[in-house]
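For reference, the structure discussed in these notes is given below.
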Amino acid sequence: MGSLLQAIDDPADLRKLPRAQLKALADELRAYVLDSVSRTGGHLSSNLGTVELTIALHYVFNTPYDRLVWDVGHQTYPHKILTGRRDRMASLRQFGGLSGFPQRAESEYDAFGTAHSSTSISAALGMALAAKHKGEHRKAVAIIGDGAMSAGMAFEALNNAGVAECDLLVILNDNDMSISPPVGALNRYLAQLMSGQFYAAAKNVGKNVLRVAPPLFELAKRLEEQAKGMIVPATLFEKFGFNYIGPIDGHDLDSLVPTLENIKHLGGPQFLHVVTRKGQGYKLAEADPVAYHGPGKFDPAVGIVKPAKAPKQTFTQVFGQWLCDMGAKDERLVGITPAMREGSGLVEFQQRFPNRYFDVGIAEQHAVTFAAGLACEGLKPVVAIYSTFLQRAYDQLVHDVALQNLPVVFALDRAGIVGADGPTHAGAYDIAYLRCIPNVSIACPADENECRGLLTTAFEQDHPVAVRYPRGAGVGAAVAPGLEPLPFAKGEIRRARSASADGGVAILAFGTLLHPALAAAERLNATVVNMRWAKPLDTALLLEVAARHAAIVTVEEGCVMGGAGSAVAEALQAAGVVKPVLQLGLRDEFIEHGDPAMLLSLQGLDAAGIEASVRERFGDAVERVPPALKVVS
Ligand SMILES: Cc1ncc(C[n+]2csc(CCOP(=O)(O)OP(=O)(O)O)c2C)c(N)n1
């Protein structure tokens, strides 16, 4: 580590440096980011792009008194390093270590917790107005990328902020990239601003108008810079009530620092357009910012290397393949992603079916209602979306899709524990939040092959169906190449308890936790049912199993509250069956970042944990309990 960086334990140390040394500091900081991310994995390209901006912000503003709100927060590694967390970067995204995103509990410099995008302007506006209300003279700064700026929520905040008369600075960090190339009209508009054509075109309009009166033309020429406001159409952001400044080079500290110093003394809503490059300073990331958006560990001298042995197929890949195969078979199929082409497995689909592929930008709400519109006209939309991001589009799901009973398939990736990304990205709630909506069905495949079969089943329905599957690989089940559906709303008995008489427990598994449930059942002599559907529940199978067992245990990788286990308890109640039900799933707490297998184990959802919970609840002799079980208190 360089000596300048070594000496910075908080931004106050940074502010003591002469301006002339900031460039050298930036070089050290960039090298440190690259080195630490190569050891831990994490977001790289975006962080290499914010090195100078981060230095300039902490140099000019009086943080933490002044508030910095980083949108998404995946670009805050330089910020973490400069705000007292330099030596903990080795623990990034690991259990007990630093979060990959800003967290209020982690540092007073993390003014607002982020990870889901496009919230920064709203939060910073709230802070700016609170300061005004309390008579405090702090500044609030939102730093938002061009990808995040495309979301409706960012525009809702801009719309509100421009008339709010408070000291808010919005910095647009424009690198002309989302995770993948950006989409939409806003992006084209920003590119125009950046290339200067906007001003050039506008100037020509002015000249043409003024040329008829030569003396005026001379005047206009001299005043060209100052007269911008007179002859250049206002930017979109000025129309929102902001003072627009830029675009400036976001890697040039000699532009950034004086510009921010000037802005600091301006009152009212300010908008600074900064142009940066994703992956700046690391050739491989500059050349391929998509691959280096969120790499695992790698050797910086070599770059990302493909593993020699093909890793197990992920659920995302199973989905991607299914989408292509079903797309080839049925021309009505259209694939939709809200800015997650790579993460959701749609790269090949886009290549093969460009006219049926829609990346709508970071716009989950729009994605869902857009799908509803497509479905109204007889197309068969498949919305590929992470469980956690569908939360954003809840009303659209209820009001636009379910209420109209439209046949939209939701391919819910990252359902359950996600690991390094932590609580902001966990897919913990989808069964609970979907289950209560009429017309919606929920399938929970237990392995890769079932995932393909259940996607086909979902596609064949004439109502909304969500198929939820976890991050990464499953047990490695061979995936049959055909497009055979599995039966709708039907489960199957996977293991029958060996006993001459009825009694013992039946474990009802929803999704991939079937496999630890089967392992636990060996030791508990339990029956195991692969339920496959959280809604509609296979009630006939449930009642049949309940009649023959002393107790029911439900297992799911989703929140216990309101989850599939609750559905089982409700169904038993409704049928008038009194039977003890032990519901196992994610506890009523936010789950930290860390290794997914370890986190599952901490939640008691590995084989040993399931066995222990069952024995704790029903006693050690659970294998032999008769059907009329007295529950151990
Ligand atoms: C609501 C929501 N949808 C999707 C994502 C996934 N996501 C994380 S970063 C990102 C791209 C952000 O692009 P931009 O704001 O331009 O930042 P950059 O990475 O280019 O610096 C996306 C889509 C998210 N974090 N939140």
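Of all residues in the range 107-116, count the ones that are within 16 Å of the ligand (Cβ to nearest atom) and of a type in the set (S, T, N, Q).
Selection size over the range 107-116: 1.
So THR456 ticks every box in (1) under 30 Å from ARG93 (Cβ atoms); (2) surrounded by fewer than 24 Cβ atoms within 10 Å (Cβ to Cβ); (3) not hydrophobic (A, V, I, L, M, F, W, C) but one. Which box is left unticked?
(1)
Give the number of residues within the range 484-503 that are more than 34 Å from the chain's Cα centre (by Cα) and farther than 20 Å from GLU556 by Cα.
7
This table checks each residue for (1) of a type in the set (A, V, I, L, M, F, W, C); (2) in contact with a Cys (Cβ under 7 Å, 6 or more places away or on another chain); (3) surrounded by 19 or more Cβ atoms within 10 Å (Cβ to Cβ).
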| site | (1), (2), (3) |
| --- | --- |
| ALA478 | yes, no, no |
| ALA506 | yes, no, yes |
| PHE510 | yes, yes, yes |
| GLU544 | no, no, no |
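Could we say that PRO247 is more than 16 Å from LEU53 (Cβ to Cβ), modelled with pLDDT of 90 or more and touching a strand residue (DSSP E or B) at 6+ places or on another chain (Cβ under 6 Å) here? Don't jump to the end; show me each part of the working.
Working: more than 16 Å from LEU53 (Cβ to Cβ): no; modelled with pLDDT of 90 or more: yes; touching a strand residue (DSSP E or B) at 6+ places or on another chain (Cβ under 6 Å): yes.
So PRO247 does not fit the description; no.
Here are the criteria: (1) touching a Leu at 6+ places or on another chain (Cβ under 6 Å); (2) away from the ligand (no atom under 16 Å from the Cβ). Tell me which single one ARG104 does not satisfy.
Status for ARG104: all satisfied but (1).
Go through the range 515-559 and give me each residue that's in contact with a Lys or Arg (Cβ under 7 Å, 6 or more places away or on another chain) and among the aliphatic types (A, V, I, L, M).
Scanning the range 515-559 gives LEU518, ALA521, ALA526, VAL528, VAL529, ALA534, ALA546, ALA551, ILE552.
Considering only residues that are away from the ligand (no atom under 16 Å from the Cβ), assigned to a helix (DSSP H, G or I) and touching a residue at least 24 places away in the same chain (Cβ under 8 Å), which ones fall in the range 396-406? Steps first, answer last, please.
First, the residues of the range 396-406 that are away from the ligand (no atom under 16 Å from the Cβ): 398-406.
Remaining after also requiring assigned to a helix (DSSP H, G or I): 398-402.
The answer is VAL398, ASP400, VAL401, ALA402.
Sort through ALA367, ALA339, ALA393 and tell me the only one that's within 15 Å of the ligand (Cβ to nearest atom) and on the phi > 0 side of the Ramachandran plot. Steps first, answer last, please.
Details: ALA367 fails: on the phi > 0 side of the Ramachandran plot; ALA393 fails: on the phi > 0 side of the Ramachandran plot.
Step by step, each of ALA367, ALA339, ALA393 is checked, and only ALA339 is within 15 Å of the ligand (Cβ to nearest atom) and on the phi > 0 side of the Ramachandran plot.
Looking at this structure, is SER99 crowded, with 24+ Cβ neighbours inside 10 Å and either near the ligand (Cβ under 9 Å from one of its atoms) or more than 26 Å from THR83 (Cα to Cα) (or both)?
Values: crowded, with 24+ Cβ neighbours inside 10 Å: yes; either near the ligand (Cβ under 9 Å from one of its atoms) or more than 26 Å from THR83 (Cα to Cα) (or both): no.
Here the answer is no, as SER99 does not meet what is asked.
Listed residues ALA411, ALA375, ALA415, ALA393; which is in contact with a strand residue (DSSP E or B) (Cβ under 7 Å, 6 or more places away or on another chain) and free of Cβ contacts under 8 Å to residues at least 40 places away in the same chain?
On the way: ALA411 fails: free of Cβ contacts under 8 Å to residues at least 40 places away in the same chain; ALA415 fails: free of Cβ contacts under 8 Å to residues at least 40 places away in the same chain; ALA393 fails: in contact with a strand residue (DSSP E or B) (Cβ under 7 Å, 6 or more places away or on another chain).
Answer to the selection: ALA375.
Looking only at the range 1-48, which residues are surrounded by 21 or more Cβ atoms within 10 Å (Cβ to Cβ) and outside any helix (DSSP H, G or I)?
The answer is ILE8, GLY42, HIS43, LEU44.
Which one is farthest from the ligand (Cβ to nearest atom), of the residues in the range 143-168 that are under 24 Å from ALA56 (Cβ atoms) and assigned to a helix (DSSP H, G or I)? Spell out how you get there, then give the answer.
If we filter the range 143-168 for residues that are under 24 Å from ALA56 (Cβ atoms), which is where we start, we get 143-149, 154, 157-158, 161, 166-168.
Pick out the ones that are also assigned to a helix (DSSP H, G or I) and you get 148-149, 154, 157-158, 161.
Values: ALA148: 3, MET149: 7, ALA154: 9, ALA157: 14, LEU158: 15, ALA161: 18 Å.
The qualifying residue farthest from the ligand (Cβ to nearest atom) is ALA161.
Looking only at residues in the range 117-141 that are in contact with a Leu (Cβ under 7 Å, 6 or more places away or on another chain) and under 27 Å from ALA367 (Cα atoms), which one is nearest to the ligand (Cβ to nearest atom)?
Initially, the range 117-141 is screened for residues in contact with a Leu (Cβ under 7 Å, 6 or more places away or on another chain), giving 121, 124-125, 128, 139-141.
Subset that is under 27 Å from ALA367 (Cα atoms): 121, 124-125.
Details: ILE121: 12, ALA124: 15, LEU125: 18 Å.
Per the stated criteria, the residue is ILE121.
For the subset of the range 440-481 comprising residues that are part of a helix (DSSP H, G or I) and among the polar types (S, T, N, Q), which member is farthest from GLY320 (Cα to Cα)?
So, considering only residues that are part of a helix (DSSP H, G or I) and among the polar types (S, T, N, Q), the one farthest from GLY320 (Cα to Cα) is THR457.
Would you pick out the residues in the range 130-148 that are without any contact (Cβ under 8 Å) to a residue 60 or more places away in the chain and over 18 Å from ASP66 (Cα atoms)?
Within the range 130-148, just ASP146 meets the criteria.
Would you confirm whether any residue within the range 481-503 is acidic (Asp, Glu), more than 18 Å from LEU434 (Cβ to Cβ), at pLDDT below 95 and in contact with a Lys or Arg (Cβ under 8 Å, 6 or more places away or on another chain)? Walk me through it before giving the result.
As a first pass, look at the range 481-503 and keep what is acidic (Asp, Glu): 484, 492, 502.
With more than 18 Å from LEU434 (Cβ to Cβ) added as a condition, the list becomes 484, 492, 502.
Subset that is at pLDDT below 95: 502.
Still in the running and in contact with a Lys or Arg (Cβ under 8 Å, 6 or more places away or on another chain): 502.
Among the residues of the range 481-503, at least one is acidic (Asp, Glu), more than 18 Å from LEU434 (Cβ to Cβ), at pLDDT below 95 and in contact with a Lys or Arg (Cβ under 8 Å, 6 or more places away or on another chain), which makes the answer yes.
Test THR54 against the criterion of being buried (at least 24 other Cβ atoms within 10 Å of the Cβ) and part of a loop (DSSP other than H, G, I, E, B), and give yes or no.
Values: buried (at least 24 other Cβ atoms within 10 Å of the Cβ): yes; part of a loop (DSSP other than H, G, I, E, B): no.
Judged against the criteria, THR54 is not a match.
Name the residues in the range 276-329 that are within 30 Å of MET194 (Cβ to Cβ), part of a helix (DSSP H, G or I) and either under 24 Å from the mean Cα position of the chain (by Cα) or aliphatic (A, V, I, L, M) (or both), would you? Break it down into steps so the answer makes sense when it comes.
Here is the first cut: in the range 276-329, the residues within 30 Å of MET194 (Cβ to Cβ) are 276-295, 300, 303-304.
Checking which are part of a helix (DSSP H, G or I) leaves us with 283-287.
The answer is LEU284, ALA285, GLU286, ALA287.
Take ILE171 and tell me if it is β-branched (Val, Ile, Thr) and either closer than 21 Å to ARG67 by Cβ or away from the ligand (no atom under 13 Å from the Cβ) (or both).
Details: β-branched (Val, Ile, Thr): yes; either closer than 21 Å to ARG67 by Cβ or away from the ligand (no atom under 13 Å from the Cβ) (or both): yes.
So ILE171 fits the description; yes.
Can you tell me which of THR424, THR456 is in contact with a Leu (Cβ under 9 Å, 6 or more places away or on another chain), polar (S, T, N, Q) and modelled with pLDDT of 95 or more? Working first, answer last.
Details: THR424 fails: in contact with a Leu (Cβ under 9 Å, 6 or more places away or on another chain).
On inspection, the qualifying residue turns out to be THR456.
Does THR527 satisfy being within 31 Å of the chain's Cα centre (by Cα) and hydroxyl-bearing (Ser, Thr, Tyr)? Even if it seems obvious, please write down each step before you answer.
On the way: within 31 Å of the chain's Cα centre (by Cα): no; hydroxyl-bearing (Ser, Thr, Tyr): yes.
In short, no.
Residue-by-condition table, conditions (1) within 16 Å of the ligand (Cβ to nearest atom); (2) β-branched (Val, Ile, Thr):
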{"site": "PRO289", "(1), (2)": "yes, no"}
{"site": "ALA310", "(1), (2)": "no, no"}
{"site": "THR314", "(1), (2)": "no, yes"}
{"site": "ASP330", "(1), (2)": "no, no"}
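The values are calculated or read from the model by the stated rules, or taken from the named source; none is laboratory data. None of these values were measured; they are calculated from a predicted model. Note that we place each Cβ from the backbone using ideal geometry, even for glycine, and neighbour counts take in every protein chain shown.
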